[in-house]
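I have placed the structure first, in the form of structure tokens, so that the comments after it can refer back to it.
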Amino acid sequence: MKKLLSAALVLSMLPAFSIFNAANAEQNKDFEQQKEKLKAFNITINDEYENDSEVTRANFIKTVLEFSNSAPQNAGDVETGFADVDRYYTYAPYIARGVELGYIVGYNNGYYYPEAQITFNQAVKVLVNALGYESMAQNSGGYPNGYLSVAADVGITDGIKTYDDGLKAGDLTKLLLNALECSPCEINFDGSQIKLEENTDIDALWKFHRIVKVKNKIYANDVTGLSDAKDAVQSGYVMLGDEIVKY
């Protein structure tokens, strides 16, 4: 009787296990597609990361600097000011650059903990700073609620559950793709006054990468055209409306 009960219990668990595996595979598929999208803008996600991988503080700042197109060109031999970051550490130039730009500050004990997992709230704070909204976030209550509030307002956290827990790679790609479409906060001069305001005329994709997103009908690519009048264009280009653009 015990053997029969055990077998029945195992069989009852199989459908749920299959559904879990299918959902996990679908999440990883979405994650890989998001990685490819970011790669088109030279924003690289660690090749070893899967959807549920933990994102380290060092790897995160490297990715954000690629997002803002401000990654350092030199490698190693950089003083970061943190006691636990050796000057020859692979990510030292990125950490030093992040400090220089005001994206990161480290901890009060003088450590950065580069290999520790970054929390979701910390990641949001860095992206808010990268987009220029630090002052607004501080005026809205500071860390973490002020930053989370601003992030929600401008769209950084759209479609993502916010929680103060370790950041997973799947949420990292979503945050970055959202942030690329967010309008940056910039200094504006209004007569004798200087104002920090959201620049709704552009998004981060244009500000950092000088890429504009347009919607139009594709009439031709490097294989064929939609009509005799619109012949195929050279490889790497498409005809959008009447304009040939690189893709």
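The values are calculated or read from the model by the stated rules, or taken from the named source; none is laboratory data. Quantities reported herein were computed from a predicted structural model and do not represent experimental measurements. Positions of Cβ are backbone-derived with ideal geometry, glycine not excepted, and every protein chain shown enters the neighbour counts. Note: accessible area is taken over every heavy atom of the protein model, side chains too, but ligands, DNA and RNA are not part of it. Shrake-Rupley method; radii C 1.70, N 1.55, O 1.52, S 1.80 Å.
Quick rundown of the values:
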{"read-out": "Residue-wise HN-Hα coupling along segment 215-222, computed from phi with Karplus coefficients 6.51, -1.76, 1.60 (Hz; x: Gly, Pro)", "value": "10, 6, 8, 7, 8, 7, 10, 7"}
{"read-out": "Accessible area of the chain divided out per residue, in Å², using a probe of 1.4 angstrom", "value": "60"}
{"read-out": "Whole-Å distance, taken between Cα centres, linking segment 50-64 and segment 68-133", "value": "12"}
{"read-out": "Rounded to the nearest 20 debye, dipole of the chain from Cβ charges on Lys, Arg, Asp, Glu", "value": "580"}
{"read-out": "Radius 13 Å from Cβ of I244, net charge of other residues (Lys, Arg +1; Asp, Glu -1)", "value": "-2"}
{"read-out": "Listed residue (A152, G141, T200) projecting farthest to the positive dipole end of the chain, Cβ model", "value": "A152"}
{"read-out": "Under DSSP loop assignment and at most 14 Cβ neighbours within 10 Å, longest GluC sites (Glu not before Pro)-free interval of the chain", "value": "182-247"}
{"read-out": "Cα shape, the chain, gyration tensor, a/c 1.5 rule", "value": "oblate"}
{"read-out": "Positive-pole candidate from V85, V214, Y163, dipole of the chain, charges at beta carbon", "value": "Y163"}
{"read-out": "Helix-derived mean residue ellipticity, 222 nm - over the chain, DSSP H n ≥ 4, -39500 (n - 2.57), to 500", "value": "-13500 deg cm²/dmol"}
{"read-out": "Accessible surface of segment 45-110 [probe 1.4 Å, protein heavy atoms]: carbon and sulfur percent", "value": "41"}
{"read-out": "Rel. contact order, % - alpha carbon contacts under 8 angstrom, at least six apart, the chain", "value": "14"}
{"read-out": "Net lengthening on full extension, S140/T224 (0.36 nm per residue, minus Cα-Cα)", "value": "24.9 nm"}
{"read-out": "Debye, to nearest 20: dipole size of segment 169-247, +1 on Lys, Arg Cβ, -1 on Asp, Glu Cβ", "value": "180"}
{"read-out": "Environment charge at S68 (Cβ cut-off 15 Å; Lys +1, Arg +1, Asp -1, Glu -1)", "value": "-1"}
{"read-out": "Accessible-area composition of segment 150-247, carbon plus sulfur, in percent [1.4 Å probe]", "value": "46"}
{"read-out": "Radius, Kirkwood style, for segment 29-168 when every pair of distinct Cα atoms is counted (Å)", "value": "15.6"}
{"read-out": "Sites V105 and S149, calculated FRET efficiency, Cβ-Cβ separation with R0 25 Å, nearest 0.05", "value": "0.80"}
{"read-out": "Anisotropy class of segment 127-211 from Cα gyration tensor, a/c 1.5 cut", "value": "oblate"}
{"read-out": "Cα shape, segment 183-247, gyration tensor, a/c 1.5 rule", "value": "prolate"}
{"read-out": "Backbone HN-Hα couplings from phi across segment 105-117 [Karplus 6.51/-1.76/1.60, Hz, Gly and Pro as x]", "value": "10, x, 10, 5, 7, x, 9, 10, 6, x, 8, 6, 6"}
{"read-out": "Segment 154-202: radius of gyration over Cα atoms, expressed as a fraction of 2.2 N^0.38 Å", "value": "1.54"}
{"read-out": "For segment 167-219 versus segment 221-243, the gap between their alpha-carbon centres in whole angstrom", "value": "29"}
{"read-out": "Label point at A232 placed 7 Å out along Cα→Cβ; residues across segment 195-226 whose backbone nitrogen lies under 20 Å", "value": "218-226"}
